[in-house]
Amino acid sequence: MASRSSDKDGDSVHTASEVPLTPRTNSPDGRRSSSDTSKSTYSLTRRISSLESRRPSSPLIDIKPIEFGVLSSKKEPIQPSVLRRTYTPDDYFRKFEPHLYSLDSNSDDVDSLTDEEILTKYQLGMLHFSTQYDLLHNHLTVRVIEARDLPPPISHDGSRQDMAHSNPYVKICLLPDQKNSKQTGVKRKTQKPVFEERYTFEIPFLEAQRRTLLLTVVDFDKFSRHCVIGKVSVPLCEVDLVKGGHWWKALIPSSQNEVELGELLLSLNYLPSAGRLNVDVIRAKQLLQTDVSQGSDPFVKIQLVHGLKLVKTKKTSFLRGTIDPFYNESFSFKVPQEELENASLVFTVFGHNMKSSNDFIGRIVIGQYSSGPSESNHWRRMLNTHRTAVEQWHSLRSRAECDRVSPASLEVT
């Protein structure tokens, strides 16, 4: 019976949790008999062996430990393909097309053209000039020799008497400094002017190599703003300055169609106790030329406007044959402190003309109705520093520009 029972139990399949436990049988004295213990142990062993023999074999899985931290250079992380390109600074700026952001719309292809191709494409003529650096005296000499094949002038009004010829002159500067430029005389009614003029720039040799020589050919027009014909630019690092040399260069179009009117250096000072507004007209430079043969005879008119009423007019003396006049003249206006905030000073530069009305060159307005941010800043600095003279350069503006932004400009002539 015992063996048959054991075989029957071995044929049944149980999970580990379903293995029946043989109930404990205690002897009358509370101790388990040795025969019962051995039978129970033998039966449990047979059942466990039967379960292990019938358990299906499982495949071996090699599970590598997961490593956390910085990957070494020899191990390649398992990642999807790169979806986004990482740009270096050079790659980033290489995406831009510089010619789209150039002030000169023609700069994208000019560098790749020869002078003959430029002349054929733009037909603006050619300019002959030379450069030479003097190491002993530390100055650069630029010689403007001549020009040829300049185009005829284009008139936007009917005031020009001779539309067949230009009145050309050349402005010379070393970029990026355009303020300290120089200018040749005007050659009347010619498309092939001969200048033969030399100009000197006091500049150290190493600094000169970092500059770009800009030569701008301009057509003088007495009745309107002068028009730019074309320009030539030469990086001085590309030429032998000490050896020197001369070149014929084709003119290219300029993004600047009109020349600047010039600059004016002024000093303002207010004395509250005396109620006096003091003005010093110190100098001007690179004024627009108004006389085709003698340059200009410039003078400055100063007009005090209170609100929209012209109160007082004063003017400097005129200086003959110059576009860079030095005045150093002082003027004083009586302005009570309570009226100062409503005051405006109108500065107008004219070219003196003995035969007809004076030639307008440029204007600015400083005060309540200032003609621009620079003028407003100068007036504000003067108000904040009483009894102290405040100097500042100002770029001259056209009459139309001042009339458009300053009511005070409309009240003067």
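The values are calculated or read from the model by the stated rules, or taken from the named source; none is laboratory data. All values derive from a computational prediction rather than experimental measurement. No Cβ is skipped: glycine too gets one built from the backbone with ideal geometry, and neighbour counts run over all protein chains shown. Calculation scope for accessible area: heavy atoms of the full protein, side chains included, ligands and nucleic acids excluded. Shrake-Rupley method; radii C 1.70, N 1.55, O 1.52, S 1.80 Å.
Work out the length of the dipole vector of the stretch 262-411 about its Cα centre, built from +1 on the beta-carbon of each Lys and Arg and -1 on the beta-carbon of each Asp and Glu, and round it to the nearest 20 debye. That gives the stretch 262-411 a dipole magnitude of about 200 debye.
Of GLU375, GLU202, the residue with the largest accessible area leads and the full order is GLU202, GLU375 (1.4 Å probe). Computed from point charges on the beta carbon alone (+1 for Lys and Arg, -1 for Asp and Glu), the dipole magnitude for the stretch 325-413 about its Cα centre is near 160 Debye.
Distances over 26 Å make up what percent of all Cα-Cα pairs in the stretch 174-314? The share of Cα pairs beyond 26 Å in the stretch 174-314 comes to 44 percent. Scaling the Cα radius of gyration of the stretch 181-256 by the globular reference 2.2 N^0.38 Å produces a ratio of 1.26. As a length-normalised measure over Cα pairs under 8 Å and 6 or more apart, the relative contact order of the stretch 238-325 settles at 22 percent. Counting every alpha-carbon pair across the stretch 262-411, the share separated by more than 28 Å comes to 15%. Residues whose amide H comes within less than 5 Å of that of PHE195, counting only those at least five positions distant or on another chain, are GLU146, ALA147 (H built at 1.01 Å from N in the peptide plane).
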